[in-house]
1. Above 36 angstrom, tally the Cα pairs of the chain and express them as a % of all pairs, no decimals.
2. Picking from Pro104, Pro132, Ala118, whose Cα lies most toward the positive end of the charge dipole for the range 75-183 (charges on Cβ: Lys, Arg +1; Asp, Glu -1)?
3. Return the single residue from Arg348, Arg142, Arg11 with maximal mean-square fluctuation; model: Gaussian network over the chain, springs between Cα atoms under 10 Å.
4. Find, to one decimal place in angstroms, the Kirkwood hydrodynamic radius of the range 248-330, where the mean of 1/r is taken over every pair of different Cα atoms and then inverted.
5. At a temperature of 37 °C and a viscosity of 0.692 mPa s, determine how fast the range 111-337 diffuses translationally according to Stokes-Einstein, using the Kirkwood radius over alpha-carbon pairs as Rh; express D in µm²/s, rounded to the nearest whole number.
6. Amide H to amide H, which residues 5 or more places from Gly62 or on other chains are under 5 Å from it, using H placed in the peptide plane?
7. Determine, from the Cβ-Cβ distance of Arg344 and Ala424 and an R0 of 22 Å, the FRET efficiency 1/(1 + (r/R0)^6), rounded to the nearest 0.05.
8. If you average the sequence gap of Cα pairs under 8 Å that are 6 or more apart and divide by the length of the chain, what percent do you get for the contact order?
Amino acid sequence: MLGDYPIKGRRAAEISASVESAVGAGELEPGQLLPPMRELADKLGVNPNTVAAAYRMLRERGVIETAGRRGSRVRSAPATTSREFIRLDVPEGVRDLASGNPDPTLLPPLAPAFAEAAAQGDRQPVLYGDAPVEPELAREARARLDADGVPAGPVAVTSGALDAIERVLAAHLRPGDTVAVEDPGWGSVMDLVPALGLRTTPVGLDDDGPLPEDVRRALADGARALIVTDRAQNPTGAALSTPRARALRSVLAEYPATLLVEDDHGHGIVDLPLHPLAGVTQHWALVRSVAKAYGPDLRLAVLTGDAVTLDRVGGRHRLGPGWLSWITQRAVLRLWADGAVDTRAVARSYGERRDALIDALARRGIAAHGRSGMNVWVPVRDETGAVARLLHAGWAVAPGARFRMSAPPGIRITVSTLTADEIAPLADTIAAAVGPAPVRRYV
């Protein structure tokens, strides 16, 4: 069961630390079954309650998961395991369509914006006690949110979308609470939620976003929070339509105590309008990362929400990093002011690549999805086989297992750097690798 690795310890903290250390070192692998609690208690000479407490600590830290009589296993993506351990290695010479990165040629140059921001910082140094958000950036971000119909609320700045989501969840939830997440959905969120000691419950979706009845079921079953991607959903490209947003607002109105978290990371790379759900529930937050439009290494996201949520997030942020560098904030502000990204041109570029691949697959009898953003989702019968065959043929795609809980198998193809000449060969290879997909709802 555990190979050569012995779990050690006499106290719950020691036992949990032993397991967590082994997972971090790769000695206990994702999916590996742990001993039943009584069996481990006998081996260690401790009370079974001690082992139960250790396993509870590990669950709350996102290291293991428990499935009743089927026992406890190391999570498929435990918080203590490096992402390098679970990522798909792309061999040299293989075309990488798996990483999920934007097209570098569509990203703006950063040097001029940072040079100007640094020069301004030399003239007006930012010191302890200054505001955490650059006032002009806050005003500009709020104006853009207002233009998209996002309800009024204060503005905060975080180190990317996932940082914002973590801070919002931590501001309201406690270990053991349940969070409804899209399925398929962003794998990092699926990893983050259990790492916070929270539980996940899946919500299905189609091209127009989360399914209202699935959301209603999750909230009726006790989910305290819901995370929704408004546009460019990862991995499917779904985007909230007007009717779907209206239906979801109606469901949320039935459960006003729900913490709503909206991720609009597609802002700046999509030309579909935003249909925010915010304002229906008592506590809500909407986050916009600049990663996809301006560059992942900027590590900046704008967060807004109700006053209580933003006050809690801001207070906790002050006790940790304090603030995100004003040099970065001013650089982003300069990029906005200069119109460094032509949103329509970027959206058109990604849209042409998505549509070309989806159309080419359709002509070969393969159903695929990608309403917005830079990814195409292809339902398949045999996910592992499809990924392996495509890799052998020179194309690396992301296995759907990274992005799903109970949703059917699929593969994610990032089209951001695809060229027109590659569309037909890729479609031919996918058709040969996966065959016609079963006729079903893709989620």
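Just so it is clear, none of the values below were taken in a lab; they were calculated from the coordinates. Remember, it's a predicted structure, so these values are computed and weren't measured experimentally. Cβ sites come from the backbone with ideal geometry, for glycine too, and all protein chains shown count toward neighbours.
1. Numbers: 31225 of 97903 pairs.
Pairs farther apart than 36 Å: 32 percent.
2. Pro132
3. Arg11
4. 14.4
5. Values: Rh = 17.9 Å.
In µm²/s, the coefficient is 184.
6. For Gly62, whose amide H was placed from the backbone, the distant partners under 5 Å are Gly197.
7. Working: r = 27 Å, r/R0 = 1.22.
The calculated FRET efficiency here is 0.25.
8. Details: 864 pairs, mean separation 76.5, N = 443.
Computed over the chain, the figure is 17 percent.
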